[in-house]
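To keep things clear, I will list the structure first and then write my remarks on it.
The values are calculated or read from the model by the stated rules, or taken from the named source; none is laboratory data. Source: prediction; values computed, not measured. Neighbour counts are summed over all protein chains in view; Cβ atoms, including those assigned to glycine, are modelled from backbone coordinates with ideal geometry. In case anyone asks, the SASA skips ligands and DNA or RNA and just uses the protein heavy atoms, side chains included. Shrake-Rupley method; radii C 1.70, N 1.55, O 1.52, S 1.80 Å.
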Amino acid sequence: EVQLVETGGGLVQPGRSLKLSCVASGFTFNNYWMSWTRQAPGKGLEWVASITNSGGSTYYPDSVKGRFTISRDNAQNTLYLQMNSLRSEDTATYYCTRIGGYGSYYFDYWGQGVMVTVSS
Amino acid sequence: DIVLTQSPALAVSLGQRATISCKTNQNVDYYGNSYMHWYQQKPGQQPKLLIYLASNLASGIPARFSGRGSGTDFTLTIDPVEADDTATYYCQQSRNLPTFGAGTKLELK
């Protein structure tokens, strides 16, 4: 059974940093691209970062580029999201997602999510 | 960015057909595939993949769910609707960097 378990969320002040982790199990982690997607309270879904299976390439939307960094440790089956210079608009539930179908870029498994609140 | 437009809400009766639409401002077809996907999200839960590449049923999803479309116009159909289908449904394109529609909330009449 595929499982994605996120940790590391919490309350953080604007301008500070936070690092999320996602431990994966039930599949061969280093065969899959992985991603983070977020959802602000009462709002829709927004993709925020992706990484290739080797970790050699990363992708971001303009809203987080230069502030967020996605990375992975294939030996530990763990995905990370380093978030710097946090803003109030980054307040959201962050989901760890597996990208299914090589090249098709859909999210076939989602974690339960972890809440990040940016507030003074 | 590719913009996806969905109607905010839809109300249907139990046992009837629900058709949820998603329109894009750019063509999401490429080399014979339509890079459109659909998700279901119930309150307090994470989203679940229903349909990938416009018409392929994801693993474990009942055949009451189906998807069709190409180019810029896509639909998700639920037939027949059951009580458990009340949720918000999102479309997502992957022709370019991923973007989602705003979601359609399905309610029962």
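Looking across segment B:45-56, the residues that are within 22 Å of A:TYR94 (Cβ to Cβ) and either open to solvent by 30 Å² or more (accessible area, probe 1.4 Å) or of a type in the set (Asp, Glu) (or both) come down to B:GLN45, B:GLN46, B:LYS48. Looking only at residues in segment B:23-44 that are buried (at least 22 other Cβ atoms within 10 Å of the Cβ) and more than 17 Å from B:LEU57 (Cα to Cα), the one that is farthest from the chain's Cα centre (by Cα) is B:VAL28. Taken as a whole, the condition of being surrounded by fewer than 18 Cβ atoms within 10 Å (Cβ to Cβ), touching a Gly at 6+ places or on another chain (Cβ under 8 Å) and within 14 Å of another protein chain (Cβ to nearest Cβ) applies to A:GLY44. Need pairs with beta-carbon distance below 7 Å; first residue part of a strand (DSSP E or B) and within segment B:20-49, second of a type in the set (Asp, Glu) and open to solvent by 20 Å² or more (accessible area, probe 1.4 Å); sequence gap 6+ or separate chains. Close Cβ pairs satisfying both conditions: B:LYS23/B:ASP73; B:LEU49/A:ASP108. With within 14 Å of chain A (Cβ to nearest Cβ) and either open to solvent by 20 Å² or more (accessible area, probe 1.4 Å) or farther than 23 Å from A:PRO41 by Cβ (or both) as the only criterion, which of B:SER59, B:SER70, B:SER13 stands out? Selected residue: B:SER59, the only one of B:SER59, B:SER70, B:SER13 that is within 14 Å of chain A (Cβ to nearest Cβ) and either open to solvent by 20 Å² or more (accessible area, probe 1.4 Å) or farther than 23 Å from A:PRO41 by Cβ (or both). Do the conditions hold for A:MET34, that is, is it surrounded by 22 or more Cβ atoms within 10 Å (Cβ to Cβ), within 14 Å of another protein chain (Cβ to nearest Cβ) and in contact (Cβ under 8 Å) with a residue 12 or more places away in the chain? Judged against the criteria, A:MET34 is a match.
Counting only strands (runs of 3 or more DSSP E) that sit completely within segment A:21-80, those holding 3 or more residues that are more than 14 Å from B:PRO98 (Cα to Cα) correspond to A:68-73. Of all residues in segment B:82-100, those satisfying the criterion of being away from chain A (no Cβ under 13 Å) and buried (at least 19 other Cβ atoms within 10 Å of the Cβ) are B:ASP85, B:ALA87.
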